[in-house]
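Asks: Pasting a structure here, questions to come.
The values are calculated or read from the model by the stated rules, or taken from the named source; none is laboratory data. The structure displayed is predicted, hence computed values, not measured ones. Cβ placement follows ideal geometry from the backbone for every residue including glycine, while neighbour counts extend to all protein chains displayed.
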Amino acid sequence: MFAIMKRDFRSYFNSPIAYVLIGLFVFIMSFIFVIGTVQSGQADFSNGFSFINTLLMFIIPILSMRAFTEDKKQGTEVLLLTSPNSLASIVIGKFLAVYSVFLVMVAFTLMYPLVLFIFGKPEGLTILSSYVGLLFYGAVTVSLCVFASSVTENQIVAAVISFILLLVMMLIDALANFVGTLGSIGSFLGKILTWLSLNERYQEFSSGIFDFTSIIFMLSFVAAFVYFTIRVLERKRWSQG
C-alpha cells in the first residue's frame, strides 16, 4: 500500500501537473485572501474557506484523473492487477497518493491564518474547525474522483466524470431548496437532501461548528467510494484472467 502511495506521489512531482495545480490553487487563494480579507481590514478568512470547495471541484478531478488511467497508458495495469497486492491496498495506496498532494496544497494555505494572527485577532477555533472540515471534505472529493478514474481508460473522460459528480454534490443544496417548496412531501424530501448534502456539512465547519456526525458521514462516504473502486478493480482483475 505505502509502496504504491510513494510511487504515485512521486510521479505527480516528476511531471508538471502537481506544480501547475498547486501553483494555480495558491494563486487563486492568495487573490481571494487579498481581495476578501486584506482590503476589508478584517481578520477573517471565512470567505476563502467557503470558496475552497468550489475550487476543488476543478482542481481535484484534474489531479486524480491519472490515478488509474496512467497505469493503463504505461502498460502497467495488468502487472498491478495481477500483483500479490490486495485490491484494497492498491486502491488505498492510490487514494493516499492523491490525498497527499491535496495536503501539500492545503499546507500552503496555512500562511493566510499566520498573517491574520500576526496582524490581527482572528477566531482561532473557527479557523481550526474550517481546516478540519476541509481535510474531510478533501478526502471525500479525492475518493470520488479516484473512483471515476477507475471506471474509464481515458484521463479526460475521468476528469469529466469527476467534475459532473462533484457538480451534482454542489447542486444538492439547490435541489433541496426547490423540492422543499413542493408541499409537505417535498419538505420531507428536502430535509433528506439537506442531510445528504456534503456541501452543507462542510459549510458548518467553515462557520466554526464541530459536528462529529458530519465527520462520520464524510468518512462513510470515503469508505463507500473506496469500496466501489475495489469492486471495479475486482471486475478488471477477473477480466485479466
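Asks: Show the residue pairs that are 6+ apart or on different chains and have beta-carbon atoms under 6 Å apart, the first residue being within region 12-29 and under 11 Å from residue 59 (Cα atoms), the second being not small (Gly, Ala, Ser).
Replies: If the second residue must be not small (Gly, Ala, Ser), the pairs left are 18/12; 18/101; 21/59; 21/63; 22/105; 25/59; 25/105.
Asks: Further question on the same structure: So, of the residues in region 110-125 that are part of a helix (DSSP H, G or I) and surrounded by 18 or more Cβ atoms within 10 Å (Cβ to Cβ), which turns out to be farthest from the chain's Cα centre (by Cα)?
Replies: My answer is 116.
Asks: Quick one: in region 128-182, of everything that is of a type in the set (Val, Ile, Thr) and exposed (fewer than 14 other Cβ atoms within 10 Å of the Cβ), which residue is farthest from residue 230 (Cα to Cα)?
Replies: 181
Asks: Yes or no: region 72-81 includes at least one residue that is out of contact with any strand residue (DSSP E or B) (no Cβ under 7 Å at 6 or more places or on another chain), closer than 21 Å to residue 227 by Cβ, at pLDDT 90 or above and in a helix (DSSP H, G or I). Explain how you work it out, then say what you get.
Replies: Of the residues in region 72-81, the ones out of contact with any strand residue (DSSP E or B) (no Cβ under 7 Å at 6 or more places or on another chain) are 72-81.
Subset that is closer than 21 Å to residue 227 by Cβ: 77, 80-81.
Next, from what is left, pick out any that are at pLDDT 90 or above: none.
For region 72-81, residues out of contact with any strand residue (DSSP E or B) (no Cβ under 7 Å at 6 or more places or on another chain), closer than 21 Å to residue 227 by Cβ, at pLDDT 90 or above and in a helix (DSSP H, G or I): absent.
Asks: Here is a further query. Among the candidates 104, 179, which residue alone is modelled with pLDDT of 90 or more and either of a type in the set (Phe, Trp, Tyr) or farther than 21 Å from residue 208 by Cα (or both)?
Replies: On the way: 179 fails: modelled with pLDDT of 90 or more.
Just one listed residue meets the conditions, 104.
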